[in-house]
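Shown next, in structure tokens, is the structure this report addresses.
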Amino acid sequence: MSTQLVQYAPAIERSITEISRLLRGGYPLSTRAVALLLLAGDDEIRAAVEARDQAISSRIDELVAKVRSSQSQPLAYMLAAQRQATVERLLPRFVRIKAGRAVGFGERLSQAMMNPLTGVPILVAALAALYAFVGVLGAQTLVGWLEAGVFVRFFNPWVDALVNRLIPWPVIQALFAGEYGILTLGIRYAVAIILPIVGTFFFAFAIIEDSGYLPRLALLIDRLFKTIGLNGRAVIPMVLGFGCDTMATIVTRTLETRRERVIATVLLALAVPCSAQLGVIFAILAGRPLALLIWAMIVIGIFLLVGFLAARLVPGERAAFYMELPPLRLPSLSNVLVKTYTRMEWYLREVLPLFVLASVLIWLGQITGLFSTALTALDPVVRWIGLPHEATPAILFGFFRRDYGAAGLYDIQGMLNGVQLTVAAVTLTLFVPCVAQAAVMLKERGWKIALGAIAFIVPFAFVVGWGLSRLLIWLRLPL
């Protein structure tokens, strides 16, 4: 008689036994645990088996594929469901629940977060709080103080004077100072405009994450996400996308099927603005509530429409959804601060050099004439969607980094009317993903998916911008 605590279906047990017998490499887990992780589709364990048991890895792949094809549901779901059933069977032996036990506030709040009637208002309230913290405190107050009060007033003039005094060659001067210099543009964008926004976002996100709200949000929106080919689990990379789309694209590895990973990657690249871009757009449209509402409706509508169409066009199996709920709790200040600090450190280490690189590329484009050529080629398209010539560099900057482009739009907001600001915000949000995200898409999804997504996104963003411009002009809304 088997001594295993959890017994799976006979076909799965046979596969576990056969895979366990084949494994010869030294693993930190038991061979049964390795076999279970292989059946569940764990990529890290699959790579470890490929490295340690290369001779029999193809045979293991055949066994995994065979048992998967014989089951009507995803293996990861079946394994988790059987473990859950075992827990429920054993629990009454060790835990007694008093009859008539009062339901606490935390349990009632947890249920309310997952009930559509109460969960949606709670979500709206959470988004409103996020906007007030990130969009008002971060994007307006802190950015206004740093950008205008520190950089424009003191830092940039000091850098310009210092560079002109130390470097006699105008071409080299332009690399560090002036309109597109590393210090006066790249560092200013990264530190004065983007850093306060991502800092406040990371702090707010750490509070949401530490409270246990994210899994409940996943259960709340599972039914909606199923209409766009995803399930509630996809809320994790989608929410992370509001921090950094590049990081979120990597996190799509946690989704069970290739179909889900492709759909999530396209939606992240198209209609999920990163925290810096989101914060700058909040700052630009903060005094125009109707424009902000239109921007949000357009972006959310396109997210749902493209997801709905992708769910019907992208082949592959639909994944079942299951998720364990951690306790709902008050966030720990130490946890929140540690998570915020870790992510801010990541931002300074990974993203700041990209701003410097973008400034160098712009400088090279200027001295070689490529930048002027690109601006000349892009200018008619920008004018076609109703924006002035001054908006063209901001759109082009968006190719280097989305937040870089949004920061460029922040610089010229005084030149644009309400319609133009709304059109520019929507177009830049939908525009091609930044270089870093494009590189990760290429690595994670392959060149066909990555290039196909970009080839769709670029013209689509401008067509939406053109249509929105004509619609807003016709409606004559007080933007």
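The values are calculated or read from the model by the stated rules, or taken from the named source; none is laboratory data. Just so it is clear, the structure is predicted and the values come from calculations on it, not from any experiment. Glycine also receives a Cβ, built like all others from the backbone with ideal geometry; neighbour counts cover every protein chain displayed.
For the structure I just gave you, tell me whether residue 107 is assigned by TED's automatic domain parsing to the domain that holds residue 277 and either surrounded by fewer than 20 Cβ atoms within 10 Å (Cβ to Cβ) or touching a residue at least 60 places away in the same chain (Cβ under 8 Å) (or both). So residue 107 fails the test. Looking across the stretch 221-274, the residues that are farther than 15 Å from residue 307 by Cα and assigned to a loop (DSSP other than H, G, I, E, B) come down to 242, 243, 244, 255, 256, 257, 273, 274.
Within the option set 224, 278, 220, being surrounded by fewer than 18 Cβ atoms within 10 Å (Cβ to Cβ) and hydrophobic (A, V, I, L, M, F, W, C) holds for one residue only, 224. Does at least one position in the stretch 119-140 carry a residue that is out of contact with any helix residue (DSSP H, G or I) (no Cβ under 7 Å at 6 or more places or on another chain), aromatic (Phe, Trp, Tyr) and more than 19 Å from residue 329 (Cα to Cα)? No, that holds for no residue. Right, residue 225: of a type in the set (Phe, Trp, Tyr), in the same structural domain as residue 194 (by TED's automatic domain parsing) and modelled with pLDDT of 85 or more or not? Taking the combined requirement at face value, the residue satisfies it.
For every residue, the table says whether it meets (1) more than 17 Å from residue 281 (Cα to Cα); (2) charged (D, E, K, R); (3) touching a Gly at 6+ places or on another chain (Cβ under 6 Å).
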| site | (1), (2), (3) |
| --- | --- |
| 364 | yes, no, no |
| 377 | yes, no, no |
| 383 | yes, yes, no |
| 410 | no, no, no |
| 413 | no, no, no |
| 452 | yes, no, no |
| 463 | yes, no, no |
| 472 | yes, no, no |
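Contact annotation: residue pairs with Cβ atoms under 8 Å, 6 or more positions apart or on different chains, pairing a residue in the stretch 365-376 that is farther than 17 Å from residue 182 by Cβ and assigned to a helix (DSSP H, G or I) with a partner that is at pLDDT 85 or above and hydroxyl-bearing (Ser, Thr, Tyr), are 375/392.
Taking first residues from the stretch 115-126 that are outside the structural domain of residue 221 (by TED's automatic domain parsing) and partners that are part of a helix (DSSP H, G or I) and of a type in the set (Lys, Arg), the Cβ contacts under 8 Å between residues at least 6 apart in sequence or on separate chains come to 119/216.
Quick grid of which residues meet (1) closer than 23 Å to residue 352 by Cα; (2) in contact with a Phe, Trp or Tyr (Cβ under 9 Å, 6 or more places away or on another chain):
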position: 156; (1), (2): yes, no
position: 164; (1), (2): no, no
position: 179; (1), (2): yes, no
position: 200; (1), (2): yes, yes
position: 210; (1), (2): no, no
position: 225; (1), (2): no, yes
position: 231; (1), (2): no, yes
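Restricting attention to the stretch 54-84, the residues that are more than 20 Å from residue 7 (Cβ to Cβ) and in contact with a Lys or Arg (Cβ under 6 Å, 6 or more places away or on another chain) add up to 0.
Do the conditions hold for residue 248, that is, is it more than 9 Å from the chain's Cα centre (by Cα) and of a type in the set (Gly, Ala, Ser)? Here the answer is no, as residue 248 does not meet what is asked. When you scan the stretch 34-52, do you find a residue that is more than 25 Å from residue 252 (Cβ to Cβ) and without any contact (Cβ under 8 Å) to a residue 12 or more places away in the chain, even just one? Scanning the stretch 34-52 turns up no residue that is more than 25 Å from residue 252 (Cβ to Cβ) and without any contact (Cβ under 8 Å) to a residue 12 or more places away in the chain.
Evaluation of residue 323 against the conditions (1) modelled with pLDDT of 90 or more; (2) closer than 30 Å to residue 104 by Cα shows that the sole unmet condition is (1).
Against the condition among the aliphatic types (A, V, I, L, M), within 19 Å of the chain's Cα centre (by Cα) and under 18 Å from residue 395 (Cβ atoms), how does residue 455 come out, does it pass? No, not satisfied. The C-beta contact set for the stretch 228-249 (first residue farther than 18 Å from residue 301 by Cβ, second residue β-branched (Val, Ile, Thr) and modelled with pLDDT of 80 or more, distance under 7 angstrom, 6+ apart or interchain) comprises 232/221; 235/221; 237/252; 245/272; 249/265. Would you kindly identify the helices (runs of 4 or more DSSP H) lying entirely within the stretch 1-88 that contain at least 1 residues that are at pLDDT below 85, touching a helix residue (DSSP H, G or I) at 6+ places or on another chain (Cβ under 9 Å) and of a type outside the set (A, V, I, L, M, F, W, C)? Counting at least 1 such residues, we get 43-52, 57-69. Any residue at all in the stretch 302-325 that is assigned by TED's automatic domain parsing to the domain that holds residue 238, in contact with a Gly (Cβ under 7 Å, 6 or more places away or on another chain), among the charged types (D, E, K, R) and touching a residue at least 12 places away in the same chain (Cβ under 8 Å)? Within the stretch 302-325, none of the residues are assigned by TED's automatic domain parsing to the domain that holds residue 238, in contact with a Gly (Cβ under 7 Å, 6 or more places away or on another chain), among the charged types (D, E, K, R) and touching a residue at least 12 places away in the same chain (Cβ under 8 Å). Being more than 21 Å from residue 277 (Cα to Cα), surrounded by 13 or more Cβ atoms within 10 Å (Cβ to Cβ) and not acidic (Asp, Glu) is a property that residue 155 has.
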